[in-house]
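Worksheet for the structure shown next.
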Amino acid sequence: MAKEQHSQWADILKRRIANSKNDERSEEEKKSEETDLFTKYYTEWKGGLETDESYKTIPRFYYKLPAEDEVLLQKLREESRAVFLQRKSRELLDNEELQNLWFLLDKHQVPPVCGDEAMINYEAYLMVGGKAGPKCRKFFTARVYSKLLHNDPYGRISIMQFFNYVMRKVWLHQTRIGLSLYDVAGQGYLRESDLENYILELIPTLPQLDGLEKSFYSFYVCTAVRKFFFFLDPLRTGKIKIQDILACSFLDDLLELRDEELSKESQESNWFSAPSSLRVYGQYLNLDKDHNGMLSKEELSRYGTATLTSVFLDRVFQECLTYDGEMDYKTYLDFVLALENRKEPAALQYIFKLLDMENQGYLNVFSLNFFFRAIQEQMKLHGQEPVSFQDVKDEIFDMVKPKDPFKITLQDLVNSCQGDTVISILIDLNGFWTYENREVLVANDTDNSCGSTAELDDT
């Protein structure tokens with residue numbers, strides 16, 4: 001029987017080959033027949049599988065946001081989002097469940113102890129995951145374990161590191177849910193007013209702000225919010241992604257104020273602390289000599305060491321938002337954040353825009369000369385011999401090493417890590433003097449440190 005079938009197939013193949021040799025059709029006709037056959041068989045095969053009628057229609061995946069006048073739809077959207085966020089909140093580990101997790105981890109630690117840290121191996125790790133409950137299941141995966149695996153000779157991970165990882169994840173989700181409650185549009189962004197409401201309601205929960213008077217709350221909120229928007233909204237769209245807020249360190253700095261025993265040094269270096277916000281607002285009031293709540297160019301010229309050039313200040317008032325030629329507190333905050341954080345890309349972008357007078361996207365020799373001339377004039381007023389622009393220009397291009405030897409772009413300044421120095425040379429006499437005398441200052445610091453060491457040795 002098998003031999004008969006074999007001979008039958010052989011005959012069919014022979015006939016097929018013979019027919020193909022005698023086939024006088026063109027290549028196009030053959031290809032057309034092949035395509036028709038493929039379409040026929042493919043359609044039959046697809047039709048045989050497609051039993052569900054829903055496969056014939058594309059499901060709706062875009063829902064238009066309700067308009068402002070559609071009050072009922074707006075309310076429905078708000079309620080559904082609130083219910084969704086509550087459900088997500090219930091999925092998080094509470095304090096009791098976290099304590100139970102720590103107890104289980106401690107109970108299943110695997111010797112020997114590594115230094116002072118208790119360790120756990122993968123088998124015990126999976127065992128704890130099975131006992132900890134469904135909420136913990138997502139933390140007990142091979143991926144998480146491998147992330148925390150370092151150089152332990154027994155292939156174990158630190159219990160404390162794992163627990164801190166879980167705590168951080170829970171905190172991030174809690175904070176995201178908390179911020180999402182203020183996301184009125186429900187699009188994953190916070191507008192300025194949304195973030196203001198969040199921080200205003202957060203103030204009573206921060207012990208380090210207990211001393212603030214309620215009359216100062218609005219100024220504090222404005223001061224805090226400006227830092228978020230200055231650094232996280234460089235295109236000035238008026239909104240920030242919640243993801244970006246969680247990814248940066250600003251929220252950590254703000255919530256650090258929950259610590260009742262925060263050191264004085266930490267408070268002074270924290271933009272969101274009461275001393276820092278009072279310092280910035282106090283400086284603003286001191287500059288405002290006519291007490292109209294706004295700053296003129298003449299008043300702003302006394303900022304810091306009063307050594308910013310008039311040319312640079314002219315550009316500030318040309319580019320920044322002013323009211324009848326005067327600057328309000330919000331615009332002043334952007335100015336302060338840029339000058340106090342000159343190493344940061346957002347600050348460099350702010351100042352670069354002021355230096356790029358013709359909006360060319362780069363600084364050329366003319367731009368550098370225009371701003372440095374004001375430095376030379378200030379040096380003459382102080383009885384100093386002006387430094388040659390050619391020397392300064394060569395030093396600036398040597399520091400930055402731009403891609404184009406005749407143009408310096410913002411990206412060149414950022415990549416060089418010398419952007420803050422270049423900016424200080426061009427806009428601030430004190431900054432230029434510090435750069436020009438850097439070797440003397442370093443030598444003085446060295447002498448002072450050597451003197452202190454000698455005194456300690458004598459003691």
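The values are calculated or read from the model by the stated rules, or taken from the named source; none is laboratory data. Bear in mind the structure is a predicted one, so any value in this text is a computation, not a measurement. Every residue, glycine as well, gets a Cβ built from its backbone with ideal geometry; the counts of neighbours run over all protein chains shown. Surface areas here come from the heavy atoms of the whole protein model, side chains and all, with no ligands, DNA or RNA. Shrake-Rupley method; radii C 1.70, N 1.55, O 1.52, S 1.80 Å.
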Cross-chain or 6+ apart pairs with Cβ under 8 Å, region 178-205 first and hydroxyl-bearing (Ser, Thr, Tyr), then open to solvent by 40 Å² or more (accessible area, probe 1.4 Å) and not in a helix (DSSP H, G or I): Tyr189/Lys239; Tyr189/Lys241; Tyr198/Tyr182
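In region 224-252, how many residues are aliphatic (A, V, I, L, M), closer than 15 Å to Arg176 by Cα and either open to solvent by 60 Å² or more (accessible area, probe 1.4 Å) or in the same structural domain as Gly178 (by the TED database) (or both)? Write out each step before concluding.
Residues of region 224-252 that are aliphatic (A, V, I, L, M), as a first pass: 224-225, 232, 235, 240, 242, 245-247, 251.
Next, only the ones that are closer than 15 Å to Arg176 by Cα stay: 240, 242, 245-247, 251.
Then drop every residue that is not either open to solvent by 60 Å² or more (accessible area, probe 1.4 Å) or in the same structural domain as Gly178 (by the TED database) (or both), which leaves 247.
Final tally of qualifying residues: 1.
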Enumeration of residues in region 253-280 that are in a helix (DSSP H, G or I), acidic (Asp, Glu) and open to solvent by 60 Å² or more (accessible area, probe 1.4 Å): Glu256, Glu265, Glu268
Options Glu34, Glu78, Glu28: the member that is out of contact with any Phe, Trp or Tyr (no Cβ under 8 Å at 6 or more places or on another chain), assigned by the TED database to the domain that holds Gly133 and modelled with pLDDT under 90: Glu78
Search result, residues across region 141-162 that are open to solvent by 30 Å² or more (accessible area, probe 1.4 Å), touching a helix residue (DSSP H, G or I) at 6+ places or on another chain (Cβ under 9 Å), more than 15 Å from Cys114 (Cβ to Cβ) and assigned to a helix (DSSP H, G or I): Ala142, Lys147
Count of residues meeting criterion [open to solvent by 30 Å² or more (accessible area, probe 1.4 Å) and either farther than 29 Å from His382 by Cβ or not assigned by the TED database to the domain that holds Lys393 (or both)] in region 404-437: 10
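Among the residues of region 181-195, write down those that are assigned to a helix (DSSP H, G or I) and surrounded by fewer than 18 Cβ atoms within 10 Å (Cβ to Cβ). Don't jump to the end; show me each part of the working.
Here is the first cut: in region 181-195, the ones assigned to a helix (DSSP H, G or I) are 192-195.
Hits for region 181-195 are Glu192, Ser193.
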In region 62-118, the residues that are of a type in the set (Gly, Ala, Ser), within 19 Å of Ile177 (Cα to Cα) and surrounded by 13 or more Cβ atoms within 10 Å (Cβ to Cβ): Ser89
Filter pass, Ala124 being more than 18 Å from Val170 (Cα to Cα), in contact (Cβ under 8 Å) with a residue 40 or more places away in the chain, buried (at least 16 other Cβ atoms within 10 Å of the Cβ) and in the same structural domain as Lys88 (by the TED database): no
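Rundown of residues vs (1) assigned by the TED database to the domain that holds Leu426; (2) more than 30 Å from Phe372 (Cβ to Cβ), yes/no style:
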| position | (1), (2) |
| --- | --- |
| Leu257 | no, yes |
| Gln267 | no, yes |
| Ser273 | no, yes |
| Asn286 | no, no |
| Thr309 | yes, no |
| Leu313 | yes, no |
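Is it the case that some residue within region 135-144 is hydroxyl-bearing (Ser, Thr, Tyr) and touching a residue at least 24 places away in the same chain (Cβ under 8 Å)?
no
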Conditions (1) outside any loop (DSSP other than H, G, I, E, B); (2) free of Cβ contacts under 8 Å to residues at least 24 places away in the same chain: number failed by Thr237: (1)
Residue list for region 240-252, restricted to those being of a type in the set (A, V, I, L, M, F, W, C) and either modelled with pLDDT under 95 or assigned to a helix (DSSP H, G or I) (or both): Ile242, Ile245, Leu246, Ala247, Cys248, Phe250, Leu251
Top-ranked residue in region 308-320 [being polar (S, T, N, Q) and part of a helix (DSSP H, G or I); ranked as most open to solvent (accessible area, probe 1.4 Å)]: Gln318
